Amino acid sequence: MKRGMSPLPLHWPASMTALVLLAMTLSPSLNPSQLDAAHLQRALERLPEGARILYIAAHPDDENTRLLSWLVQEKKVRAAYLSITRGDGGQNLIGKEQGPALGLVRTQELLAARRLDGATQFFTRARDFGFSKNPEEALRIWGKERILEDVVQVIRTFKPDVIVTRFSPKPSDTHGHHTASAQLALLAFDKAADAAYAPGQHLAPWKTRRIVWNAWQGDDPKKDVPDSVKLDANPYDPLLGLSIGELAGDSRTMHKSQGFGAGRGVAPAPEFFTLLAGEPMQQSIFDGIPVQPVPPALSKALQAFKPEQPQLAIPALLEAYKESPRPELAEAIVHSAWLVLLAIAEQKTAVPGKAFPVTLTALQRNPAGLELAAVQLGSQKLAGPGALTALWQQKASLTELPEPGSTDPAFLREPPQDGFYDITPFDERIRPEPLPALFADFTLRRGGTSFVVRRPIVFREVDPVLGDRTRAIELAPPATIDAPSPVLLFPDAAVRTLLVTVRASAGAVSGVAFIEAPEGFAVEPKERAFKLDAAADAELSFQVKPGPRAAEGDLRLLVRIGGQTYDRGRRRVEYPHIPPQVWHPLARVRAVRFDLKPGGTKNVGYVAGAGDEIAPVLSQLGYRVTLLDEAALRGNLDGFDAIVLGVRAFNVDPWLGSLKPRLFDYVSQGGVLVVQYNTKNWLSKLPEPLGPYPFSVSSQRVTDETAEVTMTDDAVLRGPNRIGAQDFANWVQERGLYFPDKWDDQYKAPLSMHDPGEAEQKGSLLVARHGKGRFVYTGLAFFRQLPAGVPGAMRLFANLLARDADAL
């Protein structure tokens, strides 16, 4: 089957035909960087249409960056990574983003990795809902047919010759998502070739030659994998000046939120491939794939190319473009001309009804002879200068803008479903990020050949530390409205103050803010007026009163401006290794009414862990919370009724281990110390024991958030809040993780639980008297439950903090 014979989806405009695959990596927040001579030569070498390899796994950081780098840089083929999920069920070692927001961080980390190794990135709509012990659960929660269709869509779009899975489709002792990803790949291998399957995609069927498993040899690099093809994937690249393993280490290090910094490997590195289905292979995964002859024009371009004079290749590249007008060829011409094409906005936010000024720039830095004929900016067609013999700049304005929010990542535009993101636009289901919503099309020509190059409109600023930074333009409502927390807690019947922040998106704005309350709650006043200067904000207060029948529901935050109502907030993610990201979620606050008794505990010291948002929840519950660092823990601790160590605190704060004797002494004098879960594996070492008496942290967990919990008659379950089965209702994502599997007899284990088909696990909560006080270690997922406003989890946590004599 010829790749060129596949029709495009009917809803894609004809003008997008040449941009289909390029669009998968065209970022709305980045302009293509000028390639140095080595990378430009590699790009020219990859222009002939060769083999395509699709790598499939479950999460960001599952991909084999060494293999992807080898395929792209050494074999000069097109490679892509399909991550079934965006990794939003994981933890976060560099910030506080969790859930969908973490999925955005990890999406951008994957794109940062792809910019280094050169592969393309795809996704499906599946949500990473946390650890799964078997593939059946994963496929059930995701919706097997839904995600299978997405995998087929990727195959029919990318048209791979070979599919490679990271994991075996046979169930084993690994994450259920891992096995499910391979099973989906194997099913899609057949379905993609079946014309009767998913005809609504309007994509032609595609027959992949074979699907293989990228098997591994365990901990022994000298050990072969039986019945596998072996390839060395770590040669030295003299043109790039590094080995493939060094490049792969840099690529993998982009997964910073997971703490996956990797070494730059130089030793030989074998890769093994086991056939799963399709055509057999003897020597290589490329067996049987015809080697296409290099078109004469491209052959001439490679012969003419000189690192110091890349423009010598342009005549042949133009000839190749006339024969096959592909966007990769157009980009190769631009880079060979050392041509700068920019569309820079004067402000980072665009709002409806206001002109959006843009500066267009073109600069040709070698004698390539290209002319700029015109620039299309929205509905305006601006005449170019013709010959580019000097810097050309022109100011213009966009007056017709897309809808607010259309620059948001598609998977963040609406609240997620239990196992998937409800993404309506068909072509955005598999794309890592939206296509640029605001862009300029530069029409270039030389001789009788013209071509168009698209550049996103971006905002540029200079950070005093990071230097030049570019970001995508955000299409926003005139004003956004936000609350400091996604939940408003009512542990008693008292009125609570809800502070909201109204922020002008661009330019002065005035209107009113108001809140629509769910049944059982009342809000006063009905509305508050605001008047804001450009980019200013105002904090407005509302009183929320729970009625006698109040339980829980969403408070809807709104602003009304000129007769139009908006209900969107604004979120921002900014880290040095990824472009700044902004999106506009629905402005909602979950109001939760329940009864909670704090006992005698008032003052709580808190050592924040990784991605830890528990301290603000404790403040809402009425505790006086003090955030503690190393210096504070070395000071006087007598004023604290309880001290809490956040999730993975011992993993992320190496200094904490040396303070264990001090903390245990605090307990012996009558304090309460609550230690939340920590991990122990080859990446995360623990200064065990973590308590005054020995216990050993394991990888045991209960992933079923509805798992039945058996309780013994223990003081921490009796008061100050009597804990019952109802307190374990409506938990989210999981019961807990990294439970101890061995502990000293001094500890009591008042809870037991298990996943379906497994034995009881008793290590989710360990409690011990130590001197006059109490020590607690818990693997229960309080770090998810408390920010989600789960009443029972908050009641149990209050008991763990309680310093009442009866509770001890």
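The values are calculated or read from the model by the stated rules, or taken from the named source; none is laboratory data. Since we're looking at a predicted model, the values are computed, not measured. Every residue, glycine among them, receives a Cβ derived from its backbone with ideal geometry; neighbour counts consider all protein chains shown. Remember, those area values only see protein heavy atoms, side chains included, never the ligands or the DNA or RNA. Shrake-Rupley method; radii C 1.70, N 1.55, O 1.52, S 1.80 Å.
Some notes on this structure:
- Antiparallel DSSP beta bridges within the chain, as percent of all bridges there, nearest 5: 70 percent
- Accessible area (Å², per residue) of the chain, counting only protein heavy atoms and a probe of 1.4 Å: 40 Å²
- Taking only protein heavy atoms and a 1.4 Å probe, the accessible area of segment 375-527 is 51% carbon and sulfur.
- Accessible area, probe 1.4 Å, largest first, for residues 496, 86, 588: 588, 496, 86
- In Å, descending, principal axis extents of the Cα set of segment 202-356: 62, 45, 45
- Relative packing of 164-176, 530-542, 769-781, which averages over residues the other C-beta atoms within 10 Å, highest first: 769-781, 164-176, 530-542
- Taking amide H as placed 1.01 Å from N in the peptide plane, the amide H of residue 644 sits under 5 Å from that of 605, 606, 607, 674, each at least 5 places away or on another chain.
- Fraction of the pair-distance distribution of segment 683-756 above 16 Å, Cα-Cα pairs, percent: 59 percent
- Amide H contacts under 5 Å for residue 212, placed H, 5+ residues apart: 163, 164, 165, 276
- Convex hull volume per residue in cubic angstrom - Cα atoms of segment 142-237: 135 Å³
- Only Cα sites of segment 692-732 enter the Debye sum here, all with the same form factor; the resulting log10 I(q)/I(0) across q = 0.22 1/Å is -0.93, listed in q order.
- One quarter of the surface of the convex hull around the alpha-carbon atoms of segment 155-207 equals 3.9 nm², the direction-averaged projected area.
- Highest average first, the peptides 486-494, 672-680 ordered by how many other beta carbon atoms sit within 10 Å of their residues are 672-680, 486-494.
- Value of relative contact order over segment 192-295, rounded to a whole percent, pairs C-alpha under 8 Å and six or more apart: 32 percent
- If you sort 485, 132 by accessible surface, 1.4 Å probe, largest first, the order is 485, 132.
- Relative to the globular-protein estimate of 2.2 N^0.38 Å, the Cα radius of gyration of segment 734-778 stands at 1.24.
- Separation between Cα centres of segment 469-498 and segment 317-380, rounded to whole Å: 38 Å
- The simple spin-label model puts a point 7 Å past each Cα toward its Cβ; for residue 629 and residue 322 those points are separated by 6.6 nm.
- Expected 222 nm ellipticity per residue - DSSP helices of 4 or more, -39500 (n - 2.57), all of the chain, to 500: -5500 deg cm²/dmol
- Inter-part distance where segment 444-462 and segment 102-125 are each reduced to a Cα centre, Å: 24 Å
- For segment 536-624, fraction of C-alpha pairs farther apart than 20 Å, in %: 61 percent
- Three-way shape call for segment 384-432 based on the alpha-carbon gyration tensor, with the a/c threshold at 1.5: prolate
- When the Cα convex hull of segment 613-712 is projected onto planes of every orientation, the mean area is 8.3 nm².
- For 142, 583, 743, the ranking by accessible surface with the largest value first comes to 743, 583, 142, using a 1.4 Å probe.
- Dimensions of segment 455-557 from C-alpha coordinates, computed as largest minus smallest value along each principal axis and given longest first, are 56, 27, 25 Å.
- Shape analysis of segment 607-654 based on the Cα gyration tensor places the equivalent ellipsoid semi-axes at 17, 16, 7 Å, largest first.
- Calculated over the chain: convex hull of Cα atoms, volume per residue (Å³): 177 Å³
- Backbone phi angles across segment 512-526, fed through the Karplus curve with coefficients 6.51, -1.76 and 1.60 (θ = phi - 60°), yield HN-Hα couplings of 10, 10, 8, 10, 9, 9, x, 4, x, 10, 10, 10, 9, x, 5 Hz in residue order; Gly and Pro are listed as x.
- Using θ = phi - 60° in the Karplus curve 6.51 cos²θ - 1.76 cosθ + 1.60, the 3J(HN,Hα) couplings for segment 694-702 round to x, 8, 10, 7, 10, 9, 5, 7, 10 Hz; x is entered for Gly and Pro.
- Close amide H pairs (under 5 Å, H built 1.01 Å from N) link residue 79 with 53, 120, residues at least 5 positions away or on another chain.
- In order through segment 45-61: 3J(HN,Hα) via Karplus (6.51 cos²θ - 1.76 cosθ + 1.60), integer Hz, x for Gly, Pro: 5, 8, 5, x, 6, x, 5, 10, 10, 10, 9, 10, 8, 9, 10, x, 5
- Span per principal axis, largest first, for the Cα atoms of segment 53-93 (Å): 35, 19, 9
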